[in-house]
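What follows is one structure encoded as structure tokens, with my remarks underneath.
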Amino acid sequence: MWSRPLRHDEHSSGEGEQSYLASAADLMIGLLFVFIIMVAFLALQKKAEQEAREGDRDPRGTVTLAIGNEIKNTLNTVKIDPASGVITLPEDLLFDSGSSFLKETAVQRLGETSTKLSDVLKCFVANKRVAEKCKNNPFGHEIETIFIEGHTDSRPMNREGGNTKLSLDRAISVNNALVQGTSLVDYKNHQGHPIFSYSAYAENRPLIKNDPTDGRNRRVDLRIVLTYRPAGGETPIEGVSRFVAKP
């Protein structure tokens, strides 16, 4: 069979077409790569925005987690409940049954915890917060009070004041080790009041409700109360000690 030899210009045309197709393919691959990067970036940005919105919708949970996770660095069995704003200190570390005297190891560990709290609380306390240094608190949430709450199990106590006095003495013991004599005594809310206080509940708020004698009910909680801020507002309202989240 006879075939006509290709002219030089036909050879050049074929090679040029192949070169063009290769360049177009490289361009498409490059554009696809850029598109994938943009999609990944937008997804991460959306996730960050969603997390930020959740932090604004649930300010107490956000603050409780920030503080509780810092405490975990020294008390790794601490329990954190963002929904109620409660951080439960490990009952086995603090007291023997029927006692309000802290164990020796507890005094040391609470001292270490105080140092951790001093750092993290700076971003949530009115007289310490420097907004530009507090990336973990973008919405400016502020703590009104942290109650140190003493609890007991339901076993009756043969002592003056019974379980009520025992739970109060336990709260005071933790306050003395955690707050008194440390930098935390200088932490004030927007009204200039100390943020730490204490309260006592005896056996009336058991952690293990189906067994009020359970030793785990013998505990001390840190309950976080945030300063009220009007919906959509930034300025705390004087004299009000609860928080309303933005819609």
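All of the numbers you see were taken from the coordinates with simple rules; none came from a lab. Note that the structure is predicted; figures quoted are calculated from it, not measured. In this analysis, Cβ positions are derived from the backbone assuming ideal geometry, glycine residues included, and neighbour counts consider all displayed protein chains.
The table below gives the values:
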| item | result |
| --- | --- |
| Segment 58-226, Cα convex hull volume normalised per residue, Å³ | 106 |
| Ordering of 145-157, 62-74, 183-195 by burial proxy (mean other Cβ atoms within 10 Å per residue, highest first) | 145-157, 62-74, 183-195 |
| Computed label-point distance, nm, for sites GLN45 and ASN158 using a 7 Å Cα→Cβ extension | 7.2 |
| Cα-projected label distance for ASN176 with LYS209, points at 7 Å along beta-carbon direction, nm | 3.5 |
| Normalised contact order of segment 58-226, rounded percent, pairs of Cα under 8 Å and 6 or more residues apart | 30 |
| Stretchable slack from ASN76 to LYS188, in nm (0.36 nm times residue separation minus alpha-carbon distance) | 37.6 nm |
| Unsatisfied cross-links (Cα-Cα over 19 Å) in the set LYS79/LYS135; LYS103/LYS209; LYS79/LYS116; LYS46/LYS79; LYS122/LYS188 | LYS79/LYS135; LYS103/LYS209; LYS46/LYS79 |
